[in-house]
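Before any comments, here is the structure.
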Number of protein chains: 6
Amino acid sequence: MKTILVIAAHPDDEVLGCGGTIARLTSEGSNVYTLILGEGVTSRDRKRDLAKRENEIAELKKQAENANRILGVKKVYTFDFPDNRFDSVPLLDIIKTIEETKDGLKPDIVFTHHIVDLNIDHQITFKAVMTACRPTKDESVKEIYSFEIPSSTEWNGPSSLTYFMPDYFVDVNKSLDIKINALKEYKTELRDFPHPRSLKAVELNAKYWGVKMGLKAAEAFKAIRIRT
Amino acid sequence: MKTILVIAAHPDDEVLGCGGTIARLTSEGSNVYTLILGEGVTSRDRKRDLAKRENEIAELKKQAENANRILGVKKVYTFDFPDNRFDSVPLLDIIKTIEETKDGLKPDIVFTHHIVDLNIDHQITFKAVMTACRPTKDESVKEIYSFEIPSSTEWNGPSSLTYFMPDYFVDVNKSLDIKINALKEYKTELRDFPHPRSLKAVELNAKYWGVKMGLKAAEAFKAIRIRT
Amino acid sequence: MKTILVIAAHPDDEVLGCGGTIARLTSEGSNVYTLILGEGVTSRDRKRDLAKRENEIAELKKQAENANRILGVKKVYTFDFPDNRFDSVPLLDIIKTIEETKDGLKPDIVFTHHIVDLNIDHQITFKAVMTACRPTKDESVKEIYSFEIPSSTEWNGPSSLTYFMPDYFVDVNKSLDIKINALKEYKTELRDFPHPRSLKAVELNAKYWGVKMGLKAAEAFKAIRIRT
Amino acid sequence: MKTILVIAAHPDDEVLGCGGTIARLTSEGSNVYTLILGEGVTSRDRKRDLAKRENEIAELKKQAENANRILGVKKVYTFDFPDNRFDSVPLLDIIKTIEETKDGLKPDIVFTHHIVDLNIDHQITFKAVMTACRPTKDESVKEIYSFEIPSSTEWNGPSSLTYFMPDYFVDVNKSLDIKINALKEYKTELRDFPHPRSLKAVELNAKYWGVKMGLKAAEAFKAIRIRT
Amino acid sequence: MKTILVIAAHPDDEVLGCGGTIARLTSEGSNVYTLILGEGVTSRDRKRDLAKRENEIAELKKQAENANRILGVKKVYTFDFPDNRFDSVPLLDIIKTIEETKDGLKPDIVFTHHIVDLNIDHQITFKAVMTACRPTKDESVKEIYSFEIPSSTEWNGPSSLTYFMPDYFVDVNKSLDIKINALKEYKTELRDFPHPRSLKAVELNAKYWGVKMGLKAAEAFKAIRIRT
Amino acid sequence: MKTILVIAAHPDDEVLGCGGTIARLTSEGSNVYTLILGEGVTSRDRKRDLAKRENEIAELKKQAENANRILGVKKVYTFDFPDNRFDSVPLLDIIKTIEETKDGLKPDIVFTHHIVDLNIDHQITFKAVMTACRPTKDESVKEIYSFEIPSSTEWNGPSSLTYFMPDYFVDVNKSLDIKINALKEYKTELRDFPHPRSLKAVELNAKYWGVKMGLKAAEAFKAIRIRT
């Protein structure tokens, strides 16, 4: 049985990015944990105003708990880095935050963001993960995969610098329903079709990757590093 | 009114790659022509055997005529380069074939294959187009776009060397049905879902690109060169 | 008639990057607006000293007004982000600034910086534009193009990570003179030949891209996204 | 237990590329098969002269048998495509040759060459594998990995077009000796240090990748596609 | 004093690519040799017809002799690979041709084509050079540089796969006139401005690269490999 | 005789990156200077605490002095940018710091970090160098090379965005011992094998690059820009 840690910038990224894979892994007996770095919501204001957004942040935490319970996640670790303002914090602070949780869990596998998403918090999360999981002799993490986040990964312009080019595909035909159910918990984050973060678009996306791999539904990842 | 030339390696590539765009352009009054370089079919044999495949090749030509008529194409030019064996012909022969048709039509816009599809004929077609349409002073072609071919473009391995990273999107919401109808003519080339060359997968693909662009359905292209 | 918004980091970037294209578009009847994010000048000091540079900043604003009037620009929007220190501001602040102006104008087309210029403000401007113009259903912006800035775009080292590889070329043969005249207004920013920001080098650059495209003079852009 | 097929252009490539991994996999109970496309040797002459090189080719086949036996390979399939002249054969012929062997074995995993080695036969082998193993519904191959061949992979010039950038690392600390022993069978192919195809350099290479991954010795691969 | 070998696909490529550099090097005392692989001219016909083009080929050889004499080249080696049809010859034949001349001269430095020019003969020449000059212990060649050929290098579409991104710049301010004079010998190959292969465009190109490097005129190269 | 400036983020980077090359250059008579931007050590704490780390920082400075003396460096310039927190400082401050030292020395050649190392300080150092050494007419720096830092350059994930692809190789067979001796001074920074920053791994690395270039030992660099 493997231990898996999902490291996301914002509540809902863990479901959007790899909800089907999480549901499949937990149903097969793996222990999955979720780490969410950012508080969410506060980027809607010109100045970060925690008091004003207190209720919404609390609500979002509850949604995260519910969504992850549906996926079978053992525990959700949340932190309060400022939403869409990770670039106002030294990278090192984020690295150390990840290291502390990770060193306690000793995961075998990490799922996290894509190296150059449009969203600055996603980019910074990836960078912090890469430093926190350096492949030294005693590092527990043997595999790192990047996921895509609809409405961020695909909107960064079509250059080889930024493009998501997956090479690792997980059959989620049996767990896609659970992903959709988990996503429904994030009521405040969903949008109407054809927005990429609508339920219908998320389902479409899984079928799209399925078609490319001879499957009915798949989640797509970029293998960053596998040691075996 | 613009004149458009679609340059495809095999019968059905023109519909798969840009059928919705063709249907939209012809309905808006443009003159669209299709040039198909390869004979199709003969790659199924260990040795190319034209006699054995004579009927199938004729049947395929008829399918091409029907499909293109549905899309509103003015004329289909067909040639008989050996199917999936374009690499056994000097590139220069293909260049000169394209030049002859092109010089007669003086198109403003060319749609053709992606630079590094899995299929060797697609690759060679792209290269030949680039030479045939060099941007000299008197060249009529002002825009070149690459399209994707499901079951070839996505199956070449996920490197920046080969990946299709589109930057030009055409809204085909109103013409997607016509594309699907045209595709139905290519009975012998279609496969069952979830194969990328099934009707359902082709429709899914258009919706996928639509979602990425805030549209209900789109075809995706890589802009190779636009002069304005 | 299209509405166009040029989003530049510093006064003079709008002329260097797309002055010939602006002049051509306004002469053809389009409405062009310029948004300049940075105050200019203050990076010459070890510590930003607004008082000391007050006159120069005011002078630069006047130059911008004059240059843009020559090009036929309807209005110049200026902001005071710290010159060459955009990295000391959260990206989100710049995004929101762009969104406010953009939402008022509802432009069809945006011209802005290249994704990885040497200049950090240029990089950040590009990133902010990409987020401010996400291709959702109701977004007015249908086309985004990156321009080059002589003495920044070409000085970032020759890797595929940073290189400017244009695919969209605008014939500026008839408007190059107007660009040069507009540029002359930016007296304090011009340098002597062979500096890339000399009048002679700017003209040479337009001829260089022209030669590549069978034209007498051209401006070169990277098409980031076109929806049609 | 997995079935593995190693597809190499020339005798010795299978050992150089993944000998340590093969030895580890067979010791763990997997069934490994080797397919060698080229005859070897004949490229030493200006014109291919099979009669002249008959003995050497036979000797090389024997070396291949011995080397693969040491690694625990179940069977070696050899073909006689012309050495360093795969570009004189239509790609389709090589694809069909691979398909025939592969369809009999139904392997789960394929190891093969890097997409753009200096050696033209390596390049063509990769392309043929990608077509022969298209990820359709019924395709047995679920994983494809590219290996490096010392004295070919690293000598193709340092561009992102050609560079070997591995992301999949196999610990071969316990099987490196077996690889070296297998390699010794290929007497005629080995060179003196510091040539990359010397025994000492091959060992050094495994330690180099080991160091990068916190291991004593490793073989490095590029994951082309993993379906799970 | 260094020995330099320029390896070009067609007569005139050596002047277009590095004529200014050759003239500077010979004036500084280096020994420069030119190797031209292709016969030229015959690609103008649908079928290669040596008899028909005999006079033109002879004329072109004479032009090559004159042009290289002006540059100070010691000797021009010419071969008769079929013009624009190098892909109909096994790569190995071209490799061996280069090796024979090179092994006689033992050059320190090689200048040759860019890895992915539009012209197929240029591409193949580059590949052959890379194999012929493998960096083994006894290889004389310590430096390899790629040059650009106006009307080929820039017309292959703007992807990181094909783009010429130079990192090595030679000041040719004092030798640009000699390059232009040498180029005038190739009367049959020159075109009118704004064609890239016009005298005026060639001069413009040198100034363009000069501007980028703080020089009055420069030739631009991609350093492929330098051992020191 | 050339003047060389090595610009490093942290004490020991100058030895790890190009210690063998420095030792060779000084032994051949060149004047080499080292500029170290960061204070080191303080990133070990959650909050930077200069008082707590005062002794270690002083010790590190002494190690730097000793190591550089062994290499024959004329002078070490040290600054106190916060360790692993360069992203909390405006890039412009680092640029100006480099410019001041550089303008005093007028070096011909600069060695510095790789554009996208894992370490954020390395990335920022590269960017600052590129701006500080813009290739204007009067700039003394004619050559810029990037070096690799074991345990940072190779741990950033295998994409063309980040990968170190060297093209410039320096034979350090005679100076490798001196590099190792210099490195021994940095007692507090060394790790046990197989860590990349162990003495044995550093030696292995030099032999690895040697093998690729037909040499017994080499240091590898990426040529960023060479003007000659």
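Miscellaneous remarks
- The orientation-averaged projected area of the convex hull spanned by the Cα atoms of the range E:82-175 comes to 7.5 nm².
- Copy E relates to copy A by a rotation, and the E residue whose beta-carbon is nearest that axis, with the distance in whole angstrom, is E:Ser160, 3.
- With its label point defined 7 Å out from Cα along the Cα-to-Cβ axis, C:Glu99 lies at 3.5, 3.5, 5.3, 5.4, 6.3 nm from the matching points of the other copies, in increasing order.
- Chain F: calculated mean residue ellipticity at 222 nm from DSSP helix runs of at least 4, using -39500 (n - 2.57): -12000 deg cm²/dmol
- Charged-residue dipole, Cβ positions (Lys, Arg, Asp, Glu), chain F about Cα centre, Debye nearest 20: 320 debye
- Greater than 25 Å apart at Cα, pairs in E:Lys75/E:Lys142; B:Lys96/E:Lys222; B:Lys74/B:Lys142; A:Lys174/D:Lys137; B:Lys61/B:Lys96: B:Lys96/E:Lys222
- The same position C:Asp138 in the other copies lies at 5.1, 5.3, 5.5, 5.5, 7.6 nm from this copy, comparing label points 7 Å beyond Cα toward the beta-carbon, shortest first.
- The Cβ shell under 12 Å around C:Ile178 holds other residues with a net charge of +3, Lys and Arg each +1, Asp and Glu each -1.
- Binned Cα-Cα distances of the range D:86-128, short to long, each 10 Å bin given as a whole percent: 27, 53, 19, 0
- Equivalent ellipsoid semi-axes - Cα gyration tensor, the range A:97-228, angstrom: 26, 17, 16
- Residues with amide H under 5 Å from that of D:Lys75, placed H, sequence gap 5 or more: D:Thr34
- P(r) histogram, all alpha-carbon pairs of the range F:1-159 included - 10 Å bins from 0, percent: 11, 41, 37, 10, 1
- Proximity of backbone amide H atoms, modeled 1.01 Å from N, is registered between A:Ile224 and A:Ile144, A:Tyr145, A:Ser146 at under 5 Å, excluding neighbours fewer than 5 places apart on the same chain.
- Copy-to-copy label separations for A:Thr3, where each label sits 7 Å from Cα toward Cβ, in nm and ascending: 3.8, 5.6, 5.6, 6.4, 7.0
- Cα-derived Rg to Rh of the range C:137-189, Kirkwood definition: 1.06
- Exposure ranking of B:Asp177, E:Asp49 by accessible area [1.4 Å probe, largest first]: B:Asp177, E:Asp49
- Largest-first principal axis extents, alpha carbons of the range B:156-216, Å: 34, 28, 16
- Across the range A:73-228, the mean sequence separation of Cα contacts (distance under 8 Å, 6 or more residues apart), normalised by length, yields a relative contact order of 23 percent.
- Normalised by 2.2 N^0.38 Å, where N is the number of residues, the alpha-carbon radius of gyration of the range B:44-118 equals 1.28.
- The alpha-carbon positions of the range A:1-83 define a convex hull whose volume is 71 Å³ per residue.
- Relative contact order, percent, the range C:1-135 [alpha-carbon distance under 8 Å, six or more residues apart]: 33 percent
- Spread over its residues, the convex hull of the C-alpha atoms of the protein assembly as shown is 162 Å³ per residue.
- In this structure B:Lys200 has an accessible area near 110 Å², from a 1.4 Å probe over the protein heavy atoms.
- D:Leu25 sits with roughly 40 Å² accessible to a 1.4 Å probe, with DNA, RNA and ligands left out of the calculation.
- Given charges at beta-carbon only (K, R positive; D, E negative), |dipole| of the protein assembly as shown in Debye: 0 debye
- Positive end of the dipole of chain E (Cβ unit charges, origin at the Cα centre): among E:Met165, E:Trp209, E:Ile57, the Cα lying farthest that way belongs to E:Trp209.
- Selection from D:Gly29, D:Ile70, D:Ile98 lying farthest towards where the dipole of the range D:16-110 points positive, charges on Cβ: D:Ile70
- Scattering profile of the range D:23-63 at q = 0.18, 0.19, 0.26 Å⁻¹ [log10 I(q)/I(0), Debye over alpha-carbon scatterers]: -0.61, -0.64, -0.88
- Within the straight-line cut-off of under 16 Å between alpha carbons, the aspartates and glutamates reachable from D:Lys52 are D:Glu39, D:Asp80, D:Asp83, sequence neighbours fewer than 8 places apart in one chain being disregarded.
- Overall dimensions of the range B:68-112 as given by Cα atoms, namely Rg and Dmax in Å: 12.6, 34
The values are calculated or read from the model by the stated rules, or taken from the named source; none is laboratory data. Source: prediction; values computed, not measured. When we count neighbours, we look across all protein chains shown, and the Cβ atoms used for this are built from the backbone with ideal geometry, even at glycine. For accessibility, only protein heavy atoms count, side chains too; no ligands or nucleic acids. Shrake-Rupley method; radii C 1.70, N 1.55, O 1.52, S 1.80 Å.
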